[in-house]
Structure formats: C-alpha cells, structure tokens
1. Output the relative contact order of the chain, whole-number percent, from Cα pairs under 8 angstrom with separation of 6+ residues.
2. I want the local charge near VAL237. Using Cβ-Cβ distances under 12 Å, sum +1 for each Lys or Arg and -1 for each Asp or Glu among the other residues.
3. Please name which of GLY223, ILE182, VAL233 has its Cα lying farthest along the dipole of region 149-301 towards the positive end, using unit charges on Cβ (Lys, Arg +1; Asp, Glu -1) and the Cα centre as origin.
4. On a C-alpha basis, how far is the centre of region 61-134 from the centre of region 147-182 in Å? Whole number, if you could?
5. Taking the Cα centre of each part, how many Å lie between region 206-246 and region 24-44?
6. May I ask you to order 77-89, 14-26, 202-214 by the average number of other C-beta atoms within 10 Å around their residues, highest value first?
7. At R0 = 30 Å, how high is the FRET efficiency between ARG35 and ARG231 if r is their beta carbon distance? Nearest 0.05 is fine.
8. Would you compute, from DSSP H runs of 4+ residues alone, the mean residue ellipticity of the chain at 222 nm, taking -39500 (n - 2.57) per run and dividing by the full residue count, rounded to the nearest 500?
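Please treat every number below as a calculation from the coordinates, not as lab data. This one's a predicted model, so the numbers in the text were calculated from it and none came from an experiment. Reconstructed Cβ throughout: ideal geometry from the backbone, glycine too, with neighbour counts over all protein chains shown.
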Amino acid sequence: MIVKPPEPPFLDAWRALHARAHMPLSDEVDQMISRMVSGFQGEQSLAYPLSLLPSDFDIYYGLRLPSIESFFQIDCLIVHENFLAILEVKNHRGTLLFDTARAQLLREWEGKTETFPDPVLQARRQRMQLLEFLGDPSLPCEALVIAANRKARIAGDLPPDVLRPDMIPFYIDSLMYDSPLIDKTFLRKKLLQAHCPAETDVLKRMGVNAADVLPGVRCKDCGRLSMQRVRTVWHCVCGAREKRAHLSTLEDYRLLFGERITNRQARWFLQMQDSRAVHHILKKNTVRSEGPNKKKVYFLR
C-alpha cells in the first residue's frame with residue numbers, strides 16, 4: 001500500500017528563476033531543474049515493480065526526517081512487519097561503473113566521464129540515520145540502490161546491494177524474516193508526523209538576493225524583458241504588442257517572492273514609473289489588499 005505517494009517537483013518557481021537569472025546562476029538553476037526531473041522520473045520507474053508487492057507492504061516516497069545534524073531524505077522506504085528496506089534511486093543515463101572499492105560511481109555519457117559519490121554509502125548512511133531516528137539500531141533494515149534508468153548500461157559487476165527496478169520484488173521476497181518486529185501502524189504515524197517537506201523558497205535555497213533577479217515584462221515573441229506599457233498596451237522593441245503581458249510577470253513575482261506585493265515592489269518588477277497605473281493593475285489582478293494607501297499590501301492571485 002502506498003502510504004506516501006511521490007510528489008512531483010515544484011518546477012514553476014525554478015523555471016521562473018531560470019528565466020530571470022544572470023549567468024552563471026542560470027546554469028546552476030538549470031542543473032537543479034534537471035536533477036529534480038530526473039529524480040522524479042526515477043521514483044516513477046518504481047511504480048510497477050512495487051505494485052507487485054503484497055498489500056501488507058507500506059511504501060513511502062520522499063520522506064524527509066530530522067536527524068541530529070539537520071534532515072535526511074529517503075527516496076523510497078518499504079515497510080513490512082518483519083523488516084525495512086531503503087531504496088536510494090539513481091536515474092543516471094549512460095554507462096555506469098559502481099566502484100565501491102574507491103567509494104565512487106563513474107558515469108560515461110556523451111564522451112565525458114563524471115564522478116559521483118558512492119550511492120551504496122549514501123543508502124547505508126540513510127539506514128544509520130533512520131534507525132537512529134527510530135531509536136532501535138537492532139531493527140532489520142536493508143539499504144539498496146536502484147539503477148532506475150532502463151537505458152543505462154552497467155559496466156563491471158553489479159554490487160549485491162544495487163538492483164535494477166525489475167529485480168525489486170524478487171529481492172524483497174527473499175528478505176522475509178521469521179517473526180514480526182515492527183508495529184506498522186505506530187511507525188506510519190511517527191513517520192508522517194515527522195516528515196518535513198523541503199524548503200520551497202527557491203531564492204533561499206540558492207542563496208539569491210532579490211537584486212540578483214532580473215525585473216521586467218517579458219515579450220512572448222522575442223523573449224526580452226524590456227516591454228514598456230503605453231496607456232493600456234505593452235510594447236516591445238521587436239514590434240510585438242500585448243495587453244495582458246503583465247500577468248505572467250506578476251505570476252513570476254508570486255512564484256519567487258510570495259503572494260504579498262506592494263505598489264513599490266510592483267513598479268520595480270514591472271519596470272513602471274506610474275504608481276496610479278500600477279495601482280489599477282494590482283487592483284484587477286489581486287484577491288484582496290490590506291493597510292492604508294501608502295502602505296497597502298496586495299495579495300496576488
């Protein structure tokens with residue numbers, strides 16, 4: 001039974017930042033988006049193999065639990081009354097070599113060789129953290145790595161604790177221990193109460209200040225952040241005209257800075273000087289406002 005389903009990554013805010021970031025920050029954000037998409041696709045690849053498990057298995061995706069230092073995250077946790085199994089999912093493309101002797105994963109892709117931390121050690125570290133969180137180091141807990149990308153080629157021998165997705169049900173079936181050790185109902189409550197979703201403030205996660213974000217209304221035709229409002233129409237130097245170009249810009253603001261916005265902040269982000277014109281835009285495109293005129297805060301839709 002899936003207790004905690006996989007959650008699609010919230011990419012809209014990351015894409016808004018990518019579109020409004022200088023280099024090299026733009027490249028960093030692009031890499032972050034790629035990692036999140038790849039990770040989610042890797043988790044999705046587990047859906048069918050895990051559906052073959054009996055209904056008395058509890059499955060949790062993306063648990064983020066507190067530890068002594070901060071938090072640790074488990075891609076997928078399988079809970080049976082006899083044991084636990086941690087699945088660390090890797091969705092790398094290319095040719096993979098699990099070099100456990102040197103604690104590294106090597107990947108050859110598009111003529112380049114990249115080195116990654118050993119995912120087997122990552123899974124084992126998560127096992128230590130999970131058992132410490134549960135307060136019982138004696139619980140049987142498997143730490144497994146899933147090479148999720150079906151098009152990836154494995155070079156050399158596959159370590160015993162690294163599996164392809166289709167191997168999961170058979171491996172799990174071989175783990176049946178003799179007697180019940182785990183109260184699944186108690187554990188379910190403990191895990192779900194302790195789960196703490198990751199920070200969704202993309203500026204905070206990337207250590208970016210508001211001054212690093214490029215303001216302006218984007219032209220859909222040429223992509224420039226330089227549209228100017230003349231009366232009620234937005235004009236671009238490329239010749240494009242649009243009446244509602246400010247809507248996507250206000251949406252970018254909401255994604256990056258939150259739903260609260262003042263007239264001054266809107267003038268900066270829309271690159272407008274006329275406070276009265278901005279007032280009319282905000283009045284039409286917000287759900288409510290608070291405070292006196294000069295200190296009024298609007299709440300974006």
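1. 15 percent
2. +1
3. Result: VAL233.
4. Result: 13 Å between the Cα centres.
5. The two parts, judged by their Cα centres, are 26 Å apart.
6. 77-89, 14-26, 202-214
7. The pair ARG35/ARG231 has a calculated efficiency of 0.10.
8. After summing the helix terms and dividing by residue count, I get -10000 deg cm²/dmol.
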